[in-house]
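Only one structure is covered here, and it is reproduced in the block below.
The values are calculated or read from the model by the stated rules, or taken from the named source; none is laboratory data. As the structure is a prediction and not an experimental result, all values here were calculated from the model. Don't worry about glycine lacking a Cβ; one is built from the backbone with ideal geometry, like all the others, and counts go over all protein chains shown. Quick note on the areas: whole protein, heavy atoms, side chains included, nothing else; ligands and nucleic acids left out. Shrake-Rupley method; radii C 1.70, N 1.55, O 1.52, S 1.80 Å.
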There are 2 protein chains.
Amino acid sequence: MSGLAREDYLADIYRLQCENPHDPVSTGSVADRRGVTAASATAMFKRLARDHLILYRNYGGVSLTPEGEDLALGVVRRHRLVERFLADVLHIPWQQVDAYADQMEHALPDEVVDRMEALLENPYTCPHGYPIPDKHGHLSQPDLVLLRDLPVGEQVRVARVNERVPGLLRYVEDLGLMPGSLLEVSARNPVDLNVTIETGGRTHILGLRVSESIWVERTGSRG
Amino acid sequence: MSGLAREDYLADIYRLQCENPHDPVSTGSVADRRGVTAASATAMFKRLARDHLILYRNYGGVSLTPEGEDLALGVVRRHRLVERFLADVLHIPWQQVDAYADQMEHALPDEVVDRMEALLENPYTCPHGYPIPDKHGHLSQPDLVLLRDLPVGEQVRVARVNERVPGLLRYVEDLGLMPGSLLEVSARNPVDLNVTIETGGRTHILGLRVSESIWVERTGSRG
DNA sequence: AAAGAGTTTTAAGCGTGTCTAAAACGCTTG
DNA sequence: CAAGCGTTTTAGACACGCTTAAAACTCTTT
């Protein structure tokens, strides 16, 4: 009845859709993300399509139906609220909260999630800066820019750090670049695509893998 | 690999064993508690026995092996800590925390449970008064007496309320008999087995179903 | 000791979720 | 355009966990 893994699939399809809004979501990408074989993903797609939660055409990838997206948003909401909770209330390091939230998100009664939200005073984002959908599935999408694309000389605030790049969270924490931190790009290297930033009185040189995994919010002030 | 329902069965076997330490635990009692058919319980017993978590003889009931008891105690620990957490931190009414904890207890990583325990400052009991096993499975068993068996005239403290008697928690709360409350038995009716108690300046008459579901702790003082 | 009642186990089946191995497909390349 | 490669789907299998219905067992009662 409940369908434990179904929601995981839906949430992962949702996230993949967000990362790449143009293409449909491929069987392989979902299988990779979930750590299962493509055959397993295909089997699940058939069940989800049968229940009208996704659109699925053979060899053609999948997309969420409105109903499926509702469910997916609910999972994402629980996931990100739990992350906030783990970080803010239980003081668990932000490198670990994603994995723990994955484990916990299905078992939480709605009332528990709602109470957590109230206790946290209705946070807008998870600890990594991703927005938390509200009860109705609405989420605010602020205007963010990839650090990779930021022009030199503008002071900005770190808004979001990709939580799924291995080792990045630890690195970002060491550099003092957690969401909320202020920084300014002082130089860009057009050959190797490194960017040089100033933050908290220190200078760092970031490679492309880092600068394309951090989103910033313009503050309107120049450094 | 993980085995979701297995732990539920083990914990229920453990609880039934505690309630009735002499007899082995019957198939039917486990099936009833879990809300499944006896056939399902039998099937699970075979799997648990195969994995050396219980001892099982056809038509002869089951008992936990040391290994199975370890696992069961871990589940009970998680369950009761989560109950405390839901009640004390999220302020969820104590009538509901048992059901919610049932739903949550399997999905919680050990570190999350440990942090909850620290946040709660290592509580001894769940909100209903049942002891919380420590990390190594040890639990303190204080000297408790059923209210049913308490002599007249002794002042005692409520220690434990059976959380699985329908409606009892609500009733006990209305009467002000939550764990920690002081009371004294002022009269016993030997015919209908009612007991009359004084608590918080009020008098109540409790039937057998209530008095055999509340444990008290002697305080050594007379009322 | 045989009968009957209640409990427990077996038997057969279903849905979920996973796997491996083989077949089908689709896209790029010679 | 055909070959080949990577992706996707099918086919067959398995473990878990549940069901119903029928058979087996145990225990009590006459």
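Under the convention of a label 7 Å out along Cα→Cβ, give the distances in nm from B:A118 to the same position in every other copy, shortest first.
2.8
Any idea what Rg and Dmax come out to for chain B if you just take the C-alpha atoms, in Å?
Computed over the Cα atoms of chain B, radius of gyration and Dmax are 18.9, 57 Å.
Can you list the distances in nanometres, one decimal and ascending, from the B:D32 label point to the identical position in each other copy, with the point 7 Å along Cα to Cβ?
5.4
Dimensions of the protein assembly as shown along principal axes (Cα, Å, largest first)?
Ordered largest first, the protein assembly as shown gives principal extents of 93, 50, 38 Å.
Using only the alpha-carbon atoms, how far is helix B:110-119 inclined from the longest principal axis of chain B? Give it as 0 to 90 degrees, nearest 10.
Roughly 20 degrees between the two axes.
As a test of the formula, what do you get for chain B when each DSSP H run with n ≥ 4 contributes -39,500 (n - 2.57) and the sum is divided by the residue count, at 222 nm and rounded to the nearest 500 deg cm²/dmol? Don't skip to the end; give the middle numbers.
Numbers: 8 runs with 90 residues, N = 223.
Result for chain B, helices only: -12500 deg cm²/dmol.
Under 9 Å from the Cβ of A:R6, count the other residues' Cβ atoms, weight Lys and Arg +1, Asp and Glu -1, and hand me the total.
Surrounding charge for A:R6 is -2.
How much accessible area does B:T37 have with a 1.4 Å probe, in Å² rounded to the nearest 10?
Probe radius 1.4 Å; accessible area of B:T37 about 80 Å².
Residues with amide H under 5 Å of B:L55's amide H, sequence separation 5 or more or different chain, H placed in the peptide plane at 1.01 Å from N; which?
B:S63, B:L64, B:T65
With respect to the symmetry axis carrying chain A onto chain B, which residue of chain A exhibits the smallest Cβ distance to that axis, and what is the value in whole Å?
Nearest to the symmetry axis by Cβ: A:A107, 2.
Would you mind telling me which residue in A:V25, A:V191, A:V113 has the biggest mean-square fluctuation in a Gaussian network model of chain A, where springs connect alpha carbons within a distance under 10 angstrom?
A:V191
Convert 37 °C to kelvin, take the viscosity as 0.692 mPa s, use the Kirkwood radius over C-alpha pairs of the stretch A:4-64 as Rh, and evaluate the Stokes-Einstein diffusion coefficient in µm²/s, rounded to a whole number. Can you show the working numbers first?
On the way: Rh = 11.2 Å.
In µm²/s, the coefficient is 294.
Put the label 7 Å from Cα along Cα→Cβ for B:P190; what are its distances to the other copies, in nanometres, shortest first?
10.5
In degrees from 0 to 90, rounded to the nearest 10, what is the angle of the helix B:4-19 Cα long axis to the longest principal axis of chain B?
40
If every alpha-carbon in the stretch B:145-222 counts as one equal scatterer, what log10 I(q)/I(0) does Debye give at q = 0.16, 0.19, 0.21, 0.26 1/Å?
These q points yield log10 I(q)/I(0) values of -0.49, -0.71, -0.88, -1.40.
Scan chain A and report its longest stretch carrying no trypsin sites (Lys or Arg not before Pro) that are both in a DSSP loop and have at most 16 other Cβ atoms within 10 Å. Walk me through the numbers before you get to the answer.
Numbers: sites that count: A:R57, A:K135, A:R164.
That would be A:58-134.
What is the Cα centroid distance between the stretch A:72-127 and the stretch A:151-216, reported in whole angstrom?
Using only Cα atoms, the two centres lie 26 Å from each other.
Place +1 on the Cβ of every Lys and Arg and -1 on the Cβ of every Asp and Glu in the protein assembly as shown, take the dipole about the Cα centre, and give the residue among A:A187, A:Y9, A:A41 whose Cα lies farthest towards its positive end.
The one lying farthest along the dipole's positive direction is A:A41.
What number, in percent, do you get for the relative contact order of chain A if the mean sequence gap of Cα pairs under 8 Å and at least 6 apart is divided by its residue count?
Reported as a whole number, the value is 15 percent.
Taking 7 Å along the Cα-to-C-beta vector as the label spot, tell me the B:E67-A:L55 distance in nanometres, rounded to one decimal.
5.1
Would you mind checking the tilt of helix B:66-88 against the longest principal axis of the Cα atoms of chain B, expressed as 0 to 90 degrees and rounded to 10?
50
If amide H atoms are built 1.01 Å from N in the plane of the peptide, which residues on other chains or at least 5 residues away come under 5 Å of the amide H of B:R160?
Amide H neighbours of B:R160: B:W215.
Give me the three principal axis extents of the stretch B:76-140 from the C-alpha atoms, as integers in angstrom, largest value leading.
So the extents along the principal axes, rounded to whole Å, are 28, 23, 19.
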